[in-house]
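Asks: Below is one structure. I have some questions about it.
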Amino acid sequence: MSVAESSTARPRDARFILTCVGIGLLAGLLSGLFGVGGGTVIVPLLVLILGFDQRLAAGTSLAAIVPTATVGVISYALHGSVAWIPALLLAAGAVVGAQIGTWLLPRLSQTILRWAFVGFLVLVIVSLFLVVPSREAELVLTLPSGTGLVALGVVTGITAGLIGVGGGIIVVPALMMLFGTSDLVAKGTSLLMMIPTAVSGTIGNVRRRNVDLVAAAIIGVAACTTTALGAWLATVLDPFTGNILFAAFLVVIAVQMALRAVRGRRR
């Protein structure tokens with residue numbers, strides 16, 4: 001059975017709808033709080049709860065990120081925490097990278113994708129303890145930093161197309177560690193960057209019939225209702241405390257996905 005056929009065959013019952021709503025609410029909150037698209041929540045929960053395969057979950061997540069990130073950008077922009085030009089440079093590289101990622105997606109095995117996702121989460125968890133958030137730091141735009149932003153965008157774009165995340169969990173710590181950006185500006189800029197990235201990746205996934213548009217719509221709309229709340233909490237919550245809580249959640253997700261990858265390989 002193809003990805004498109006499996007998506008169509010999935011029952012649209014109350015459990016399906018309520019699960020998508022719940023996933024969206026949680027993803028939206030974390031998106032606003034940490035400046036990520038929510039793929040680290042959407043992808044594993046679609047796989048673990050609704051039985052999506054990794055490819056379909058990744059494509060669906062990327063589509064749901066579009067409205068979620070849009071609301072997040074508006075929320076951060078109201079606080080003056082969006083670096084517009086750096087976001088455009090990141091997006092320029094990310095749009096190209098997203099096409100590369102979606103091209104690679106159907107060419108990799110389920111097991112490889114699961115282990116790649118686990119490895120990805122481990123790197124994010126480590127980065128959360130290495131980054132020391134600062135509300136005073138600013139992003140200085142120069143020729144070298146501009147070039148670096150484009151390169152960072154390409155890397156995050158590939159990740160977006162391949163794993164189904166908007167790239168925020170790479171961009172946010174990278175902007176703080178490598179570019180000296182404050183945590184709030186890093187989050188707002190990350191959300192703006194991932195909008196064209198997610199749109200580009202979604203177009204590629206739709207063409208390859210690798211997205212459940214119904215699930216993506218429900219998750220995206222639900223996420224929009226909590227994204228602004230998450231962005232507000234980011235301004236009042238101690239940054240390091242937030243990192244610890246997010247890292248703990250990612251550990252749980254990573255362990256679950258690793259166990260699934262092991263079981264899948266034994267079959």
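Asks: Could you list, in sequence order, all residues of the stretch 142-197 that are at positive phi and in contact with a Ser or Thr (Cβ under 6 Å, 6 or more places away or on another chain)?
Replies: If the condition is that a residue be at positive phi and in contact with a Ser or Thr (Cβ under 6 Å, 6 or more places away or on another chain), then 164, 167 are the ones that fit.
Asks: Can I ask one more? Return the total of residues in the stretch 116-129 being in contact (Cβ under 8 Å) with a residue 60 or more places away in the chain and over 23 Å from residue 262 (Cβ atoms).
Replies: 2
Asks: Consider residue 196 against the criteria (1) in contact with a helix residue (DSSP H, G or I) (Cβ under 6 Å, 6 or more places away or on another chain); (2) surrounded by fewer than 24 Cβ atoms within 10 Å (Cβ to Cβ); (3) modelled with pLDDT of 85 or more: it satisfies all of them except one. Which criterion is unmet?
Replies: It fails just one condition, (3).
Asks: Out of all the residues in the stretch 110-126, is one or more modelled with pLDDT of 80 or more and touching a Gly at 6+ places or on another chain (Cβ under 8 Å)?
Replies: No, the stretch 110-126 contains no residue that is modelled with pLDDT of 80 or more and touching a Gly at 6+ places or on another chain (Cβ under 8 Å).
Asks: Where residues in the stretch 33-56 are outside any helix (DSSP H, G or I) and surrounded by fewer than 24 Cβ atoms within 10 Å (Cβ to Cβ), which of them is farthest from the chain's Cα centre (by Cα)?
Replies: Start the filter on the stretch 33-56 by keeping residues that are outside any helix (DSSP H, G or I), which leaves 35-38, 51-53.
Subsequent filtering for residues that are surrounded by fewer than 24 Cβ atoms within 10 Å (Cβ to Cβ) retains 51, 53.
Working: 51: 20, 53: 17 Å.
Restricting to residues being outside any helix (DSSP H, G or I) and surrounded by fewer than 24 Cβ atoms within 10 Å (Cβ to Cβ), the top hit is 51.
Asks: Here's a check for you: in the stretch 208-267, which residue that is of a type in the set (Phe, Trp, Tyr) and modelled with pLDDT under 90 is nearest to residue 109 (Cα to Cα)?
Replies: The extreme case among them is 249.
Asks: Any idea which of 59, 22 is surrounded by 17 or more Cβ atoms within 10 Å (Cβ to Cβ) and either part of a helix (DSSP H, G or I) or in contact with a strand residue (DSSP E or B) (Cβ under 8 Å, 6 or more places away or on another chain) (or both)?
Replies: Residue meeting the stated conditions: 59.
Asks: Would you say residue 141 is free of Cβ contacts under 8 Å to residues at least 40 places away in the same chain, more than 12 Å from the chain's Cα centre (by Cα) and either under 26 Å from residue 242 (Cα atoms) or not in a helix (DSSP H, G or I) (or both)? Break it down into steps so the answer makes sense when it comes.
Replies: Working: free of Cβ contacts under 8 Å to residues at least 40 places away in the same chain: no; more than 12 Å from the chain's Cα centre (by Cα): yes; either under 26 Å from residue 242 (Cα atoms) or not in a helix (DSSP H, G or I) (or both): yes.
Spelling it out, it is not the case that residue 141 is free of Cβ contacts under 8 Å to residues at least 40 places away in the same chain, more than 12 Å from the chain's Cα centre (by Cα) and either under 26 Å from residue 242 (Cα atoms) or not in a helix (DSSP H, G or I) (or both).
Asks: Taking only the stretch 62-87 into account, find how many residues are farther than 24 Å from residue 151 by Cβ and either over 18 Å from the mean Cα position of the chain (by Cα) or part of a loop (DSSP other than H, G, I, E, B) (or both).
Replies: Looking only at that region, the number is 4.
Asks: Let me ask another. Go through (1) under 19 Å from the mean Cα position of the chain (by Cα); (2) among the hydrophobic types (A, V, I, L, M, F, W, C); (3) surrounded by fewer than 23 Cβ atoms within 10 Å (Cβ to Cβ); (4) more than 30 Å from residue 143 (Cα to Cα) one by one and return the number of the condition residue 100 breaks.
Replies: (4)
Asks: Could you tell me which of the residues 104, 113, 90 is in a helix (DSSP H, G or I), farther than 29 Å from residue 147 by Cβ and touching a residue at least 24 places away in the same chain (Cβ under 8 Å)?
Replies: On the way: 104 fails: farther than 29 Å from residue 147 by Cβ; 90 fails: farther than 29 Å from residue 147 by Cβ.
Answer to the selection: 113.
The values are calculated or read from the model by the stated rules, or taken from the named source; none is laboratory data. Treat the numbers as computed from the prediction; the structure is a model and nothing was measured. Neighbour counts are summed over all protein chains in view; Cβ atoms, including those assigned to glycine, are modelled from backbone coordinates with ideal geometry.
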